[in-house]
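Rule-based calculations on the coordinates, nothing more; no lab input. Because the structure is predicted, anything quoted here is derived from the model rather than measured. Neighbour counts run over all protein chains shown; Cβ positions are idealised from the backbone, glycine included.
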Amino acid sequence: MISLAYIILALLGLGVLIFIHELGHYIMARRVGMKVEAFSIGFGKPLRVWERDGVKWQLCLLPFGGYVRIAGMEKKGALEPHQIPDGFFGKKPIDRIKVALMGPLVNIVFAFLMFTLIWACGGRMKPFSEYTKIVGWVEPQSKLSQDGIKPGDQLQRVDDTPVQNMNDLLFAVVFHGNQAAITADHVDYWTGQKRPFCFSMLKDPGNNIEQLRIEIRSLIPATFLYYDQQSPILEGAPIEKSGIHFGDRIVWADGEIIFSQRQLTSLLNQPRILLTVQRNQETFLVRVPRLLVSDMKLSDVQRAEIDDWRNEAKLEARLNQLYFIPYSLTNNAVVEGSLTYVDERSEHCSSFDPLKQGSCSLLEKPLMAGDKILAVDGEPIKNGFDFLSAVQERKILIAVAGGTERRSLSWKEGDSSFIGEVDWHALRKMINTIGTSQFISSNGNLRFLNPVTPKPQDDFPQSKEKSLWMQNQMMNEERIDKIKDPQEKELAKKEYETQRKRLVLGINLHDSLVRYNPSPLVLLGEVVGQTWQTLKALFSGHLTPKAMQGPVGIVQVIHFGWMVGVKEALFWMGVISLNLGIFNLLPIPVLDGGHISFALWESITKKPIKAKTMERLIIPFIILIVAILIFTTYQDLLRIFKNF
């Protein structure tokens with residue numbers, strides 16, 4: 001019911017934009033002395049008709065827009081349009097330009113007023129992730145990952161254009177020809193040092209915008225991960241007894257600084273354990289594979305020794321069902337050498353080599369003979385059977401910044417707040433004590449939670465909270481059943497099963513909001529710039545017409561705005577109004593820009609254009625516009641059905 005109300009508001013909003021456009025034409029036409037025959041508010045069957053000052057007014061069944069009919073716009077009998085008294089083409093070219101220009105001008109002014117109103121009301125509250133240039137996650141198999149991008153990197157420029165957020169990257173790559181040179185910084189958050197690097201994105205001319213979007217979307221922006229009143233913890237969730245409090249922000253987990261939910265989820269599901277290792281006089285953390293004994297090549301002696309540890313640790317599982325690491329150990333948990341094993345990608349590995357497996361984590365490095373394991377996931381161990389017992393249950397160490405005030409931030413200070421509210425020196429000091437006798441559990445507002453053992457999603461008891469949470473986290477069986485392509489359906493089923501078995505903490509964490517409030521002129525300039533770049537890319541072939549939105553897509557956008565809030569709806573009405581104004585100024589015969597072109601031509605040649613000539617120019621473009629509307633509507637509907 002609420003969604004239906006938003007749809008009606010969206011349709012009315014689109015109608016208002018069309019109505020004020022026509023009203024602009026009407027007011028100027030009357031001002032220059034043109035005869036206005038009719039003004040319709042809406043379309044369809046007239047509900048009420050009245051006449052005033054010689055104009056036929058009508059209120060129609062569908063109040064979405066309207067139109068104005070000026071005398072002389074159509075040929076009547078043998079008379080040429082310019083011969084009709086007080087008709088549109090009977091007036092001077094300058095008057096016709098004023099009338100044609102007024103509709104788009106009203107739309108542009110309306111957009112500016114909407115942007116001014118939003119600015120005066122303090123701007124829009126937007127997720128921090130929409131206005132950050134900090135990378136939160138990179139899909140491991142993507143080209144961007146192969147280029148060396150990793151979580152925590154900060155994008156700086158695309159060609160000569162500064163990057164403010166991830167959408168800037170999408171716009172730049174789409175609109176900057178076939179290749180974009182991107183500059184970014186690798187950041188050492190412990191020291192604050194930055195190391196610039198460059199990479200390029202080559203756009204295959206055969207790629208469409210959706211393929212390009214998928215590639216760029218493999219780069220996910222950073223997000224705050226707050227636990228607050230809007231973050232329900234599921235019943236029986238692993239994190240329930242961790243000691244997490246409202247206002248806590250997860251900043252580190254299992255050896256990595258956390259920059260996004262996607263990174264945290266990936267970390268939970270990696271078959272790794274965190275070890276505290278002593279090498280000579282140095283103590284450090286390292287992450288190594290956690291594997292089933294059945295996936296490793298062991299000698300009879302090694303199997304017998306691990307089996308002895310199993311008995312001493314009183315583990316009931318069979319030897320092949322136990323977990324271990326791909327190293328042979330002494331009874332004192334000292335590394336003797338590496339073991340051959342089968343990794344998570346079913347590849348045979350003679351030793352653990354993080355670089356060959358595409359890992360960029362500094363904590364993932366091979367162990368060496370003589371290394372002594374002091375702790376597993378922060379739990380101290382003394383010998384081999386202690387180690388075997390500890391490695392059977394995967395535990396995650398999580399550090400949070402507690403009591404952080406979620407004040408209203410400007411979008412300009414979002415990145416500095418994301419980095420600046422964490423005392424990285426204090427956090428590093430805490431991390432260096434994990435698994436040692438000098439363990440520091442808290443330092444200032446930083447503290448470690450109790451170790452957490454993640455669970456598969458299916459292991460949680462069914463509840464209303466879980467149902468809502470699952471809807472946000474994963475696809476569902478109903479959507480899969482609607483997929484018609486057999487191959488796509490099979491892939492979706494596999495993804496669904498993977499998601500069901502995915503390890504989770506059982507909590508929805510929330511991003512911080514930032515206040516986006518540039519001046520009206522800046523916002524107007526941004527939208528005009530994006531519109532111009534879009535038109536240029538369409539005509540140059542750098543952007544496929546499939547990316548365009550038709551009437552259904554426009555209504556969807558306004559509908560989304562109303563769902564988010566009034567200011568978001570006003571923003572999108574301003575954007576669409578501005579685009580409507582700019583589009584109508586294009587020098588295409590059927591549009592207002594075409595009428596302006598006709599008037600300019602007549603003012604130069606001093607001869608009116610004949611009706612027959614105008615028909616020959618206008619009719620093909622009418623057919624083209626109708627074809628574009630049908631095509632974009634089809635694409636809009638296709639995108640909608642793909643999401644169901």
Largest-first principal axis extents, alpha carbons of region 410-449, Å:
43, 15, 13
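Take the Cβ-Cβ distance between Cys121 and Ser294 as r, set R0 to 41 Å, and report the resulting FRET efficiency rounded to the nearest 0.05.
So the FRET efficiency works out to roughly 0.05.
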Once fully extended, how much extra length lies between Leu62 and Asp160, figured as 0.36 nm per residue of separation less the alpha-carbon to alpha-carbon distance?
30.4 nm
Each label sits 7 Å from Cα toward the beta-carbon; between Glu336 and Asn450 the label points are separated, in nm, by 3.8 nm
Could you calculate the contour length gain from Arg262 to Arg616, that is, 0.36 nm times the residue separation minus the distance between their Cα atoms, to one decimal place in nm?
121.8 nm
Of the listed peptides 509-522, 578-591, what is their order by residue-averaged count of other C-beta atoms within 10 Å, with the highest listed first?
578-591, 509-522
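Sorted from fewest to most neighbouring beta carbons within 10 Å, what does the list Ile134, Ile596, Ile619, Ile257 look like?
Ile619, Ile257, Ile596, Ile134
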Would you mind putting 225-234, 184-193, 388-397 in packing order, based on average other-beta-carbon counts within 10 Å, highest first?
388-397, 225-234, 184-193
What number in nm² do you get for region 291-391 if you take the convex hull of its Cα atoms and divide its surface by four?
6.4 nm²
Going by amide H atoms built from the backbone, whose H comes under 5 Å of the H on Leu298, apart from near neighbours?
none
Please give the residues of region 130-155, grouped as numeric ranges, whose backbone N is less than 20 Å from a label point set 7 Å along the Cα-to-Cβ vector of Arg195.
134-138, 144-155
Step through the table entries Lys150/Lys412; Lys194/Lys365; Lys150/Lys536; Lys35/Lys612; Lys143/Lys365; Lys45/Lys92, compare each Cα-Cα distance with 26 Å, and write down the pairs that go over it.
Lys150/Lys536; Lys45/Lys92
Computed ³J(HN,Hα) along region 326-336: with the Karplus parameters 6.51/-1.76/1.60, θ = phi - 60°, integer Hz and x for glycine or proline, the list is x, 9, 8, 10, 7, 5, 9, 6, 9, 5, 9
Out of residues 5 or more away from Thr132 or on other chains, whose amide H comes under 5 Å of its own, with H placed 1.01 Å from N in the peptide plane?
Met166
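More than 22 Å apart: what percent of Cα pairs in region 52-146 qualify?
Numbers: 2882 of 4465 pairs.
Roughly 65 percent, rounded to a whole number.
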Value of relative contact order over region 260-403, rounded to a whole percent, pairs C-alpha under 8 Å and six or more apart
29 percent
Which ³J(HN,Hα) values in Hz, rounded to whole numbers, follow from the phi angles of region 621-628 under the Karplus curve 6.51 cos²θ - 1.76 cosθ + 1.60, where θ = phi - 60° and Gly and Pro get x?
6, 4, 4, 4, 4, 4, 4, 5
With θ taken as phi - 60° and the coefficients 6.51, -1.76 and 1.60, list the Karplus ³J(HN,Hα) couplings across region 279-287 in order, rounded to whole Hz; mark glycine and proline as x.
10, 6, 9, 9, 10, 8, 9, 8, 10
Go ahead and run the numbers for FRET between Gln281 and Ser416, Cβ-Cβ distance against an R0 of 51 Å, rounding to 0.05.
0.85
Give me the extension gain from Gln229 to Glu347: residue separation times 0.36 nm, minus the current Cα-Cα distance, reported in nm with one decimal.
38.0 nm
If amide H atoms are modeled at 1.01 Å from N in the peptide plane, then the residues at a separation of 5 or more from Thr433, or on another chain, having amide H under 5 Å from its own are Ile440
